[in-house]
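Nothing in this text is a laboratory measurement; each read-out follows from the coordinates by a stated rule. Remember, it's a predicted structure, so these values are computed and weren't measured experimentally. No Cβ is skipped: glycine too gets one built from the backbone with ideal geometry, and neighbour counts run over all protein chains shown.
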Amino acid sequence: MEILLLLGAPLVGGALLAVFGYRRWAPELGVAASLTTFLAAAALTARVIRDGPITTFGHQFFIDSFNVVLVALTSFVALTTAIFSRPYMRIEAHRGKVTVGALRLYHAMFQIFTFTMLLALTTNNMGILWVAMEAATLSTVLLVSLYRTPESIEAAWKYFILASVGIAQALFGTILLYFAAEKVLGSGGTALLWTDLNQVKGSLEPTVMSLAFVFLLVGYGTKVELVPVHNWLPDAHAEGPTPISAVLSGLLLNVALYAVVRGKVITDGALRSPFAGNLMMGFGLLSVVVAAFLLWRQRDIKRLFAYSSIEHMGIATFAFGMGGVAGTFGALLHMTMHSLTKSAIFFAVGHAAQKSGTQIMDDIRGLIRTNPTIGWGLMLGAIAILGMPPFGVFASEFIIITTAMREQPWATPFLLVALGTAFAAIFGKVQPMVFGETALPRLPHPPALVPVFVHLLIVLILGIYIPPYLADWYRQAAALIG
Amino acid sequence: MSLSGQLINVLAAILLLIAFAMLSQRRILSLIELYAWQGVVLSASTFVVAYSTGQGDLYFSGVLTALLKVIVLPWILYRLIHRLNVRWDVETLINIPTIMLIGIALVIFAFNLAQPISAMAGAVTRSTLGIATACVLLAFLMMITRRKAVSVVIGFLAMENGLLFAATSATYGMPMVVELGIALDVLVGTFIFGIFFFHIRETFDSLDVRHMEKLKED
């Protein structure tokens, strides 16, 4: 029942907005749809915590404590982003950067995008998971090119081609997975159901499964932003509207990583060797190190935080690869913290860039003086994402690094050097933007900064104190996939 | 080898031939025709597999393929190049012999890659998985070597055809709900590519992807 509402609200909202998207109250309608989605997700979460994993609609949907974490997170960030989009897109329209038609496209596609992500998270069918991931690309590509500047068209084209080619690899991986499963489960509808696969994973053909996992990792990895298939993200972030950067970084990357982890659980069962985990650790670590050093060279503020997303997804991928209850717990916590913090940063960055009229960091100065809330939002967000205590990212990175010291000591120097480099790069660039000298006017509409501080507050609270039921919930999820 | 097995092998060979033809075809209109022929071969092979294994689902899948890949998508593409007025465009492809040689190397690589898996596949479709993988790689090569946005997209669609062929030949088709979903994605994707072509032309006055290589790290 909750699932029906969870998936129905954004779908109906998207359809309505496609028709009424040009009205004045369209953004409010979008917020209402997102709020309904969030309430449905909250009800679903409560039920899963109470009753344990559920499957519905002839086993086509499956919710356990692992994906319900992400469902709750996705619907929450989608809601705050919808709230943030309201004034943000109004200011963009006020400045003539987008037309009324583009606004309609924006509001409708945002809801459809939420729908595809929630479908990918809740479905039990590995094939439908693929379909939903591809649909998520399709729904965002026209949003990246919303401003119709030459750069944004180029970014969207790159995103479209790279993500489509990547996801084609994932389809091949899914076909191979089905090929292996069909031998055990028989052909027909059930052979791609994750719950069924999970029961028989021990008897799946290991050679086929290892090949299938490689293709799944490369395919979905294109969307997780693993180096070396990360090229589209910085461009898409820099040229698209900021709310879209927030949901791409905060949510889509998580959903793609979720798909990889689902594949890993099956592959681990079939192979009985750490093959899948080793691959994930390797790619994850490579992403962390490469992204940390590329941070130095950025001049555009949104590109800077795009590379920071690559770095953090690398950390989460590494931690999932390490496995075990502690590693997986850290990875889940890190995904949550990164989503909340990074979307908050993008909200603040969006207004900072709107205010200064540029995204080039050298030209953004003195935010603290012209608009203290934006300035503090950006500064606190940057401190949080850099893993300073007492914010939650510190807690998750601490868990991951201490686990790495115990399980994979060779990897810790790389992680620590990369984190240090990232700290110096980001802090050095954000500090003058916030505290430098400036003489700029105020914005025509008051900015929506409530979401920024709500997100940061949650991250702060979770950094200081994780309530026991929440820790239990994460631990359950970690035990499921560790 | 049974008659249906031989038929499938013949169709697979034709598919590979079409993949090579696409690699060297310079006229956009002919590319679309080749793509439609690929759809014909694909649905024919689906019907043969359906007949020889007696799986009712596969007939639907064959009809779906025929509708989508022989009629709807080529028609959309044809309308697009008509509207964009690039129907008679001829692409300058340099080094066709080199591209062909790389293609041959890719085919050999694909057969090696598919070796351990096709050893386990059903008797009817044993040797076709290698060809399917080869078609995917050749389409990928086409995407890399092309300069016009329309040809890049046709390359992408051809890649999807290769994947579908892999699915039918190795596993007798994916579950119906998944096939429908994939078909929907491809259809929506083609529409969006279509809208996108107009955006690209409006912005750059041409459909050449070379205009879109400016965003780089400083």
Give A:K223/A:K355; A:K97/A:K429; A:K158/A:K429; A:K158/A:K201 a once-over and call out the pairs whose C-alpha atoms are over 29 Å from each other. A:K223/A:K355; A:K158/A:K201
Please state the shape class of the stretch B:35-92: rounded when a/c is under 1.5, otherwise prolate if a/b exceeds b/c and oblate if not, all from the C-alpha gyration tensor. prolate
Using a simple charge model, +1 on the beta-carbon of Lys and Arg, -1 on the beta-carbon of Asp and Glu, nothing else, what dipole does chain B show about its Cα centre, in debye to the nearest 20? 400
Zero-based 5 Å bins, Cα pair distances in the stretch A:262-397, whole percents: 2, 11, 17, 19, 17, 12, 9, 6, 4, 2, 1, 0
Using θ = phi - 60° and Karplus 6.51 cos²θ - 1.76 cosθ + 1.60, couplings along the stretch B:100-110 (whole Hz; Gly, Pro as x): 4, 5, 4, x, 4, 4, 5, 5, 4, 4, 4
For A:V227, what residues show an amide H to amide H distance below 5 Å, using hydrogens built from the backbone and excluding near sequence neighbours? A:S287
Taking θ as phi - 60°, what are the ³J(HN,Hα) couplings along the stretch A:211-228 by the Karplus curve (6.51, -1.76, 1.60), each to the nearest whole Hz, with x for Gly and Pro? 5, 4, 5, 4, 5, 5, 5, 5, x, 5, x, 4, 8, 6, 6, 7, 5, x
Expressed in angstrom, Rg and Dmax over the Cα atoms of the stretch A:274-482 are 17.7, 57
Mind checking the dipole of the stretch A:274-482: about its Cα centre, +1 per Lys or Arg Cβ, -1 per Asp or Glu Cβ, Debye to the nearest 20? 380
If a/c stays under 1.5 just call it rounded; otherwise compare a/b with b/c (prolate if a/b is bigger, oblate if not). Do that for the stretch A:337-405, with a ≥ b ≥ c from the square roots of the Cα gyration tensor eigenvalues. prolate
Averaged across the residues of A:157-165, what count of C-beta atoms belonging to other chains lies within 10 Å of each residue's C-beta? 5
Mind sorting A:R95, A:R365, A:R303 by how few other Cβ atoms lie within 10 Å of their own Cβ, fewest first? A:R95, A:R365, A:R303
Could you order the peptides A:410-418, A:172-180 from most to least packed, using the average number of other C-beta atoms within 10 Å per residue? A:172-180, A:410-418
Can you sort A:F113, A:F275 by how many other beta carbons sit within 10 Å, fewest first? A:F275, A:F113
Taking the square root of 5 times each eigenvalue of the Cα gyration tensor, what semi-axes in Å does the equivalent ellipsoid of the stretch B:3-212 have, largest first? 30, 20, 13
Tilt of helix A:450-464 relative to the longest C-alpha principal axis of chain A, in degrees (0 to 90, nearest 10)? 50
Here Rg/Rh (Cα, Kirkwood) for the stretch A:29-160 equals 1.04
What average number of partner chain Cβ atoms lie no more than 10 Å from the Cβ of the residues making up A:169-179? 6
Cα extents of the protein assembly as shown along the principal axes, largest first, in whole Å, come to 79, 56, 47
Contact order normalised by residue count of chain A, Cα under 8 Å, 6+ apart, percent: 15
Compactness ratio of the stretch B:18-143: Cα Rg over 2.2 N^0.38 Å, N = residue count? 1.21
For B:E91, A:E92, order by how many other beta-carbon atoms lie within 10 Å, fewest first: B:E91, A:E92
Quick one: what are the phi-derived ³J(HN,Hα) couplings along the stretch B:27-33, Karplus 6.51/-1.76/1.60 with θ = phi - 60°, whole Hz, x for glycine and proline? 8, 5, 4, 5, 4, 5, 4
Between A:Y88, A:S65, B:S30, whose Cα lies farthest towards the positive end of the dipole of the protein assembly as shown when Lys and Arg beta carbons carry +1 and Asp and Glu beta carbons carry -1, centred on the Cα centre? A:Y88
Per-residue mean of other chain beta-carbon atoms within 10 angstrom of the beta-carbon, peptide B:133-144? 1
What share of Cα pairs, in percent, lie more than 27 angstrom apart in the stretch A:75-233? 36
Can you compute log10 of I(q)/I(0) for the stretch A:263-321 with the Debye formula, treating each Cα as one identical point scatterer, at q = 0.18, 0.29 Å⁻¹? -0.61, -1.03
Search the structure for amide H atoms under 5 Å from the amide H of A:N124, placed 1.01 Å from N in the peptide plane, and list their residues when 5 or more places away or on another chain. A:F61, A:F62
In debye, nearest 20, what is the charge dipole magnitude of the protein assembly as shown about its Cα centre with +1 on Lys and Arg Cβ and -1 on Asp and Glu Cβ, if you could check? 1040
